[in-house]
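First the structure, in the form of structure tokens, and then the observations on it.
The values are calculated or read from the model by the stated rules, or taken from the named source; none is laboratory data. Remember, predicted model here, so these are calculated numbers, not experimental data. Please note: Cβ atoms are built from the backbone with ideal geometry, for glycine as well, and neighbour counts cover all protein chains shown.
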Amino acid sequence: MRRTLLGLALGVFASPAAAQTARTAPPPQRSARLGAPTAVPDPAPAADPGVTPAGLVHRSAGALGAPTPVVPSVMPTRPVAAAQPSVVEDRGTGPLPTTPVYPPGVPTVVVPSVAPEGFVVGPPGVDGLVPGAVAIGRVAGCGKWYSSGEYLLWFTKSAEIPPLVTTSSLPFNGRLGVGDTRVLLGGSFGDLTHSGGRVTVGRWFGDGQCRGLEARGFYVNQDTATFSANTAAFPLLARPFFNVNPNTPFFGSSSEVVADSVRATGGVSAALESEAWGAELNYRRYLLGGPSARLDALVGYRYFGLEERLTVTERFTRIPGSTGPGFPAVFGTVTDQFRTVNHFHGGQVGLLGEVRRGRWSVDGRVTVAFGNLNRTAEIMGGQSLVMPNGMPVVAAGGLLAVPGANVGRFTDNVFAVVPEVGLNVGYQVTSRMRVFVGYNFLYLSNALRPGDTIDTGLDAARIPNFLDAGTAAPIAGVPRPRPLLKSSDYYLQGITFGLSFNW
């Protein structure tokens, strides 16, 4: 009895492993047992086709709990591209990406839109800040302020003027359309070359260089085109006009003879002076672009000023014993002057683009302004004569500038457009300094120029001290000449040489 109880106790409390060890022969059938799982080999299909392994997992020849990797006989392969760093430009407009653009393990390099403080400019052709990365093309130093100074070598459009000086054989007196008369001064006059300067100052509101304010101003100095003719070169010099008074001699095409080989010696000179200046204030906003190129928008105000002056002066000395020419003096000076001033004020829009490649850069600027053009004409003339009795006479008015008709100051306002185009090629000398050379074109529509104010239709009876008018009285109605305020166009174009600096 005691031996039987001991056997039962051992059967209940003994470990399953000990129980399996105690067995001398495996059971004839498979079954699940308590305790550690036993690896059961896959049965051969021919040995026991009717037996199927129980459970949801097909057991293989490994220990349960340690899965055995299944290795296919042929592994598929594909080419793997070389990892390139992801370059992200920071313009300060929003948060930087928190995850790389490329798969994990490939670095993401954050590159500012301009080189950081202390960046050393490499030799030409070195574009990237990161070795092995794609070219970044930014070598300018960071900074909120930028400025530039330019030397301007600009050319102006010549002015159109009516025929002011003629020559002919003696019988025709230089009258237009009569005999062999030809024009010496008239048409295009004043192809001028100006030297000047332009200054630009700008400031960005943030480090990202996305929004800023820019001011520019330019001035081109006064230049003068001149004309001169005398009786040493031409047998007769005359100043033509159209006589609108039928009660005077030579109604229609007429002239005032300055000098000839019979009545007087002398000459005629003319000078056209011109100068221009301007200023603009723009809000600048980044639109699009990348590390090596950008496009900005400009919105602002523009001012443009233009002043020109045309002066025609005749000098004569009467030959003793003669009876003329047109004035009763033995010698004298007669002057006409036509001065015009244009002031433009208007709103402006435009685009500014830039492309960089290493140290080299190309930038272009296109703007157009619309606004009001205030135009002023000042017409004046004078005579300084010495009469045969030796008495000097000073009189107001010349030949084409007549008191009581067109002498005075006249003004009006018209709509005008001022477009400008500029293109520069630059080279980054240091991270702060760049030199550049370029071309610029600036246009003003509806400009008032001196030739636009001259009325060559005269009432000869109104010309002061004019002998050829006889004793005729001025005609009634609107006095001639009238002050004309016609419209013309004006432009400046030429080469610029500049130096820019940012800090």
If I filter the stretch 350-358 for residues that are under 30 Å from ILE379 (Cβ atoms) and in contact with a Lys or Arg (Cβ under 7 Å, 6 or more places away or on another chain), do I get at least one hit? no
Inspect the stretch 407-425 for any residue being in contact with a helix residue (DSSP H, G or I) (Cβ under 9 Å, 6 or more places away or on another chain) and touching a residue at least 40 places away in the same chain (Cβ under 8 Å) and give the result as yes or no. yes
Kindly check whether there is at least one residue in the stretch 460-468 that is closer than 26 Å to ASN374 by Cα, over 19 Å from the mean Cα position of the chain (by Cα) and either in a strand (DSSP E or B) or at pLDDT below 95 (or both). no
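Residue under question is VAL478, and the condition is that it be within 30 Å of THR248 (Cβ to Cβ), surrounded by fewer than 16 Cβ atoms within 10 Å (Cβ to Cβ) and among the β-branched types (Val, Ile, Thr); does it hold? Can you show your working first?
Numbers: within 30 Å of THR248 (Cβ to Cβ): yes; surrounded by fewer than 16 Cβ atoms within 10 Å (Cβ to Cβ): yes; among the β-branched types (Val, Ile, Thr): yes.
For VAL478, the condition - within 30 Å of THR248 (Cβ to Cβ), surrounded by fewer than 16 Cβ atoms within 10 Å (Cβ to Cβ) and among the β-branched types (Val, Ile, Thr) - is met.
Residue-by-condition table, conditions (1) touching a His at 6+ places or on another chain (Cβ under 7 Å); (2) within 30 Å of LEU298 (Cα to Cα); (3) of a type outside the set (Gly, Ala, Ser):
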site: VAL414; (1), (2), (3): no, yes, yes
site: MET433; (1), (2), (3): no, yes, yes
site: ASP468; (1), (2), (3): no, no, yes
site: ALA473; (1), (2), (3): no, no, no
The listed residue being buried (at least 17 other Cβ atoms within 10 Å of the Cβ) and closer than 30 Å to TYR283 by Cα, out of PHE344, PHE327, PHE338, PHE370: PHE344
Among the residues of the stretch 422-429, is any over 30 Å from VAL220 (Cα atoms) and either polar (S, T, N, Q) or in a strand (DSSP E or B) (or both)? no
The listed residue being closer than 20 Å to VAL417 by Cα and among the aromatic types (Phe, Trp, Tyr), out of PHE338, PHE327, PHE316, PHE370: PHE370
Suppose we filter the stretch 212-228 for residues that are crowded, with 19+ Cβ neighbours inside 10 Å and of a type in the set (Gly, Ala, Ser); how many remain? 1
Members of the stretch 196-211 that are surrounded by fewer than 17 Cβ atoms within 10 Å (Cβ to Cβ) and among the hydrophobic types (A, V, I, L, M, F, W, C): VAL199, VAL201, PHE205
Matching residues in the stretch 306-359 (out of contact with any strand residue (DSSP E or B) (no Cβ under 8 Å at 6 or more places or on another chain) and assigned to a strand (DSSP E or B)) number 1
Close pairs from the stretch 142-155: first among the small types (Gly, Ala, Ser), partner outside any strand (DSSP E or B), Cβ under 7 Å, at least 6 apart: GLY143/TRP503
Residue ranges of strands (runs of 3 or more DSSP E) in the stretch 163-268 with at least 3 members closer than 30 Å to ARG365 by Cα: 193-204, 211-230
Pairs with Cβ under 7 Å, 6+ apart, first in the stretch 243-269 and more than 29 Å from ARG482 (Cα to Cα) and in contact (Cβ under 8 Å) with a residue 60 or more places away in the chain, second basic (Lys, Arg) and buried (at least 20 other Cβ atoms within 10 Å of the Cβ): ARG263/ARG318; ALA264/ARG318
Quick test for you: out of ARG263, ARG239, ARG216, pick the one residue that is over 23 Å from VAL312 (Cβ atoms) and basic (Lys, Arg). ARG216
Touching a residue at least 60 places away in the same chain (Cβ under 8 Å), within 22 Å of ASP452 (Cα to Cα) and either assigned to a strand (DSSP E or B) or not β-branched (Val, Ile, Thr) (or both), is that true of THR367? no
I want to confirm something. Restricting to the stretch 418-434 and keeping residues that are of a type in the set (Ser, Thr, Tyr) and at pLDDT below 95, which single residue is surrounded by the most Cβ atoms within 10 Å (Cβ to Cβ)? SER431
The stretch 280-300, residues that are over 29 Å from GLY371 (Cβ atoms) and part of a strand (DSSP E or B): GLY289, GLY290, ALA293
